[in-house]
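What follows is a short report on a single structure.
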Amino acid sequence: MRLSRYFLPLLRDDPKEAEIASHRLMLRAGLIRQASAGIYSWLPLGFRVLRKIEDIVREEQDRAGALELLMPTIQPAELWQESGRYEVYGKEMLRISDRHERAMLYGPTNEELITAIFRDAVKSYKDLPRILYHIQWKFRDEIRPRFGVMRGREFLMKDSYSFDLTVEDARKSYNRMFVSYLRTFARMGLKSVPMVAETGVIGGNLSHEFIILADTGESEVYCHRDLIQLEPPGADIDYQGDLAPVIEAFTGKYAATSEKHDAESFAREVPAKDRVTARGIEVGHIFFFGTKYSEAMGCKVQGPGGDLVTVQMGSYGIGVSRLVGAIIEASHDDAGIIWPQSVAPFDVGLINVKAGDAATDAACESLYGKLETAGLSVLYDDRDDRAGAKFAAMDLIGLPWQIIVGPKGVASGEIELKERATGARHSLTVESALNRLLQSSREASKEAA
Ligand code: P5A
């Protein structure tokens with residue numbers, strides 16, 4: 001992509017409404033613009049990141065055996081009256097009436113709708129187990145939307161729903177989602193810690209939040225230090241096999257959000273030197289609620305003995321749009337964003353230090369072609385602007401690699417390769433720069449596989 005033809009409105013100054021780094025950087029780097037409190041437009045660069053995150057979430061859901069579908073954003077109120085949540089949900093729910101004065105709502109979550117779909121379609125235990133998911137916009141009229149996309153009113157969520165015949169099977173589905181979440185966040189360069197959590201309006205009594213430790217996080221969390229060091233399972237994980245050992249490793253030690261925190265147990269179970277009290281960002285939340293919705297809405301199947309059995313359910317959420325902010329909170333410096341390769345909007349930024357200089361232009365054009373042919377995505381800064389401004393812009397938007405091409409290097413057959421994360425610069429021939437980039441992109445895809 002040529003920057004001269006792109007849509008990348010950067011802001012020179014810090015927007016005063018932004019209280020935390022990710023919000024400030026998302027506005028400055030031209031990723032989002034606010035439409036109304038807690039409601040954002042995704043500009044081209046931000047939208048590319050959102051899509052990359054979505055792709056990773058989708059791949060890991062599919063790997064764990066979940067099936068993708070798409071439910072609407074608008075739902076009829078009747079379903080929520082059936083479950084009993086229409087009143088409970090209160091002012092957070094955006095209630096709408098259509099031209100026939102029928103009560104509708106903009107979905108804050110989809111337990112009711114998916115239960116109705118499943119109830120009407122599935123009659124036998126032979127159709128179980130199933131995990132269904134979608135990636136869809138939600139609306140919650142938060143009292144205090146803030147921190148940009150971190151606590152929005154409209155936000156993108158991945159929500160999965162599991163259906164099982166027995167509590168024991170349902171626990172297996174829960175474990176599958178649990179493990180897939182560890183992998184999902186790790187692939188985005190994030191260290192997530194599962195913590196025992198409150199279930200609130202979703203319900204049930206088994207629940208974990210997946211927390212990214214960050215000083216600007218909204219949640220106060222308490223955990224054993226060892227949990228922060230644990231490595232998530234690799235791509236060879238067998239979701240049909242026994243996941244209990246992984247679950248045991250990640251839940252065997254104290255970890256709780258403030259709502260579930262018990263100071264006495266914390267002090268008793270965790271030696272003082274291992275106690276971590278920190279702030280964190282909730283990027284995922286999983287729930288087992290058994291028959292809460294299936295009972296109320298009559299979602300039953302015929303069991304092996306011919307009797308009708310009420311289905312056991314769980315639901316599993318990931319804050320897809322919140323993750324964009326969370327990743328930036330975890331990975332930035334004074335100059336701007338530092339994207340992990342797996343979610344970067346482009347692999348490489350190509351900087352033409354002297355646009356208009358025939359030899360430099362020709363070298364850049366040739367390199368641009370080579371990089372794209374090699375399968376790398378490139379943002380080529382071909383604008384007629386000061387070199388300093390170009391360097392600052394490239395650091396701000398945070399692509400993992402920069403290639404800097406100027407007249408001097410062109411004369412001596414060398415270009416400069418800069419790694420955004422470390423700031424390390426190397427003068428290299430075009431050939432060796434290409435090899436370095438391809439190697440790093442191969443390593444990144446190996447991690448994902
Ligand atoms: C689980 C999936 C649920 O809604 N029903 C379907 C369950 N859980 S949840 O914890 O309420 O939300 C799931 C994840 O969505 C993100 N999230 C938000 N992101 C941005 N702005 C918000 N206002 C917001 N509210 C929730 C969080 O990442 C949460 O873990």
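Structure above, values below:
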| item | result |
| --- | --- |
| Dipole magnitude of the chain, debye to nearest 20 (Cβ charges: Lys/Arg +1, Asp/Glu -1, about Cα centre) | 640 |
| Nearest-ten-degree value, helix 387-397 long axis tilted from longest Cα axis of the chain | 10 |
| Rg(Cα)/(2.2 N^0.38 Å) for segment 264-311, N = residue count | 2.15 |
| Stretchable slack from D215 to R33, in nm (0.36 nm times residue separation minus alpha-carbon distance) | 63.1 nm |
| Angstrom value of the Kirkwood radius, inverse mean 1/r, which spans all Cα pairs in segment 282-425 | 18.9 |
| Surface accessible to a 1.4 Å probe, Y125 within the full protein complex, Å² | 80 |
| Residue (of V309, G319, I286) at the positive-pole extreme of segment 278-333, dipole from beta-carbon charges | V309 |
| Within the accessible area of segment 1-97 (1.4 Å probe), percent carbon and sulfur | 52 |
| Listed residues D13, D127, D164, most fluctuating in the chain (Gaussian network, C-alpha, under 10 Å) | D13 |
| Dipole axis of the chain (+1 Lys, Arg; -1 Asp, Glu on Cβ), positive-most option in A37, A170, V201 | A37 |
| Neighbourhood net charge (12 Å Cβ-Cβ; Lys/Arg +1, Asp/Glu -1) for A18 | 0 |
| In nm, spacing of pseudo-spin labels at F7 and E19 (7 Å Cα→C-beta vector) | 3.1 |
| Hits among lysines - C-alpha to C-alpha of K91 under 30 Å, sequence gap 8 or more where chains match | K16, K138, K158, K260, K292 |
| Filter on K408/K446; K52/K370; K191/K300; K52/K408; K126/K253 - keep pairs with C-alpha separation over 28 Å | K408/K446; K191/K300; K52/K408; K126/K253 |
| The chain: relative contact order in percent, alpha carbon pairs under 8 Å with at least 6 residues between | 17 |
| Potential extension, M104-E269 segment - 0.36 nm per residue separation minus Cα distance | 54.6 nm |
| Alpha carbon Rg of segment 228-307, scaled by the compact-globule rule 2.2 N^0.38 Å | 1.60 |
| Potential lengthening between K253 and A374 on full extension [0.36 nm per residue; Cα-Cα distance subtracted] | 39.0 nm |
| Note, ³J(HN,Hα) from phi for segment 228-237, Karplus 6.51, -1.76, 1.60, rounded to Hz, x at Gly and Pro | 6, 8, 4, 8, x, x, x, 5, 7, 4 |
| Cut-off under 5 Å, modelled amide H: who pairs with R151 long-range | R146 |
| Taking N as its residue count, the alpha carbon Rg of the chain over 2.2 N^0.38 Å | 1.09 |
| For the chain, accessible area per residue (1.4 Å probe, heavy atoms of protein chains only), Å² | 44 |
| Karplus (6.51, -1.76, 1.60) ³J(HN,Hα), θ = phi - 60°, over segment 113-125, in Hz, Gly and Pro reported as x | 5, 5, 5, 5, 4, 5, 4, 6, 9, 10, 10, 10, 4 |
| Stokes-Einstein translational diffusion, segment 388-449 - Kirkwood Rh over all Cα pairs, 0.890 mPa s, 25 °C, in µm²/s | 194 |
| Over segment 24-163, equivalent-ellipsoid semi-axes from the Cα gyration tensor in Å | 29, 23, 11 |
| Label point distance in nm, V167-D384, each placed 7 Å from Cα along Cα→Cβ | 7.4 |
| Peptide ranges 402-410, 300-308, 77-85 listed from the most packed, as the mean C-beta count within 10 angstrom indicates | 402-410, 77-85, 300-308 |
| Projected-area average for segment 178-241 over all orientations - Cα convex hull basis, square nanometres | 5.8 |
| Rounded if a/c under 1.5, otherwise prolate or oblate - segment 112-270, Cα gyration tensor axes | oblate |
| Protection-proxy order for peptides 200-207, 265-272, each taking the mean of Cβ atoms within 10 Å per residue, highest first | 200-207, 265-272 |
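The values are calculated or read from the model by the stated rules, or taken from the named source; none is laboratory data. Only a predicted model underlies this, so the values are computations on that prediction, with no experimental measurement involved. No Cβ is skipped: glycine too gets one built from the backbone with ideal geometry, and neighbour counts run over all protein chains shown. Side chains are part of the model used for accessible areas, which takes the heavy atoms of the whole protein and leaves out ligands, DNA and RNA. Shrake-Rupley method; radii C 1.70, N 1.55, O 1.52, S 1.80 Å.
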